[in-house]
1. Which FRET efficiency value, to the nearest 0.05, is calculated for Ala187 and Glu308 with the Förster distance at 30 angstrom and r the Cβ-Cβ distance?
2. With the chain treated as a Gaussian network of Cα nodes joined by springs under 10 Å, which of Trp265, Trp365, Trp85 yields the largest mean-square fluctuation?
3. At a probe radius of 1.4 Å, what is the per-residue accessible area of Glu381, in Å² to the nearest 10?
4. Mean-square fluctuation check for the chain, GNM, Cα pairs under 10 Å: which of Gly272, Gly366, Gly353 is largest?
5. Can you compute 3J(HN,Hα) from phi for each residue in segment 117-124, using the Karplus curve 6.51 cos²θ - 1.76 cosθ + 1.60 with θ = phi - 60°, rounded to whole Hz and x for Gly and Pro?
6. Can you tell me what the convex hull of the Cα atoms of segment 103-244 projects to on average, as an area in nm²?
7. Let me have the relative contact order for the chain, percent, based on Cα pairs under 8 Å that are six or more residues apart.
8. Kindly report, to the nearest 10 Å², the accessible surface of Asp382 as traced by a 1.4 Å probe over protein heavy atoms only.
Amino acid sequence: MTGPQRGGEAGHRGRWFRLRAAPERSGGDAMTGDGTRVVHAGVPEAVPGRPFLPGPAFGAPYHLEPVLGPQPGVDGYGRTDNPTWRALEGAIGELEGGECVTFASGMAAISAVLLSVLRPGDTVVVPADGYYKTRAFAASYLGERGVTVVEAPTAGPYPALGTVRLLLVETPANPGLDVCDIAELAARVHAGGGLVAVDNTAATPLGQRPLDLGADISVASGTKALTGHSDILLGYACTRDPQLAAALTGWRGATGAVPGPFEAWLAHRSIGTLDLRLARQTANAAAVAEVLAAHPAVVSVRWPGRPEDPAHEVASRQMRRVPGVVTFTLAGKAAADQFLQAATLVFAATSFGGLHTSADRRAQWGDDTPEGLIRLSCGVEDTDDLVADVRKALDAIGA
Ligand SMILES: *Cc1c(COP(=O)(O)O)cnc(C)c1O
């Protein structure tokens, strides 16, 4: 049996270590830079003899008080209670500006948002050009439960939003990198009483804070740039609405879509370098995007950081940084194959946001993208090395 459902409750934090107040909330102006924030996010108070970030706490059941049984503020069972999650949730919650609930993966978090908010008879709008598993999930599992699923392209046009229960947008969208104006869409949805969730996977909370822009939920895969080492699966949802937070926490406890303590600890450890990793990834993407745009083998290139990009105007208003992912299209599968074989620094792999540059020809997954479309995730290699490698691989096409 589990203990009482109390994960995520404020105050339930004293047992293993005490979380510090977030630097940005403690009044010190010197502590508000991104690098400072990520290094200190969710890190406990300094205690002599203790590690900076205590290791993962492993526990399925925890000791109970033998006579009194489950007590408020005392961990009871690992499906609802874990101090390593709480530390990580403190960190992500600080960065997103809301209460955070972590999940086993991005899809566990997205499905939790969809299934805990939507009821039969509701209408949900999902991105037509976003992560394909999200719209596949909506079409099958939500459709058969009596939810009307509408798809809209990220860049619009959007349908009438006055009767929508939930609008889920993904900005920038994976893999096409279109963006949408979160504040404008949130105003339209809120006018009809609906909710807005933003998939913040590509941007990360350092790139954009959806809750500040009016979204009700920021949901993401932590598997990608947030943790950035291509070694863990993780998801999270953040909100400022205590009822939504309770619904998500309840859903996680009921379904057991929980992150492992070791993954949660690795994630927290990785977030400390998020600012540094993103800075290099974005610089690499900027350089690579120019090489791609100038090369005759490239049919089209998308990177919202380029002034020529259709997403640039909204992205530069709404985002604090542009992710290190560049999407480009070659003539077809043969050209993409040649590119991937000729590049030595570019791993052929799905996912994105990791230390290593990787490239994914999305059509191989049944994504309805052109055969020659490649999503290139720039890693943290030296810019000159990466640019030279990409140029060499492009030159090899048709050679
Ligand atoms: C990868 C991804 C997901 C799913 O995340 P997992 O951690 O793989 O479950 C959801 N949304 C976007 C935008 C993604 O890129």
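1. Numbers: r = 29 Å, r/R0 = 0.96.
Efficiency for this residue pair is about 0.55.
2. Comparing Trp265, Trp365, Trp85 in the GNM, the peak value goes to Trp365.
3. 40
4. Gly366
5. Calculated HN-Hα couplings, in order: 9, 8, 10, x, x, 6, 10, 10 Hz.
6. On the way: hull surface 30.8 nm².
Its average projected convex-hull area is 7.7 nm².
7. Working: 851 pairs, mean separation 59.8, N = 399.
With pairs under 8 Å counted, the relative contact order is 15 percent.
8. The value for Asp382 is about 90 Å².
The values are calculated or read from the model by the stated rules, or taken from the named source; none is laboratory data. Note that the structure is a prediction, hence the values are computed from the model and not measured. Here the Cβ is made from the backbone with ideal geometry for all residues, glycine too, and neighbour counts use every protein chain on show. Heads up: the accessible areas ignore ligands, DNA and RNA and are worked out on the full protein's heavy atoms, side chains in. Shrake-Rupley method; radii C 1.70, N 1.55, O 1.52, S 1.80 Å.
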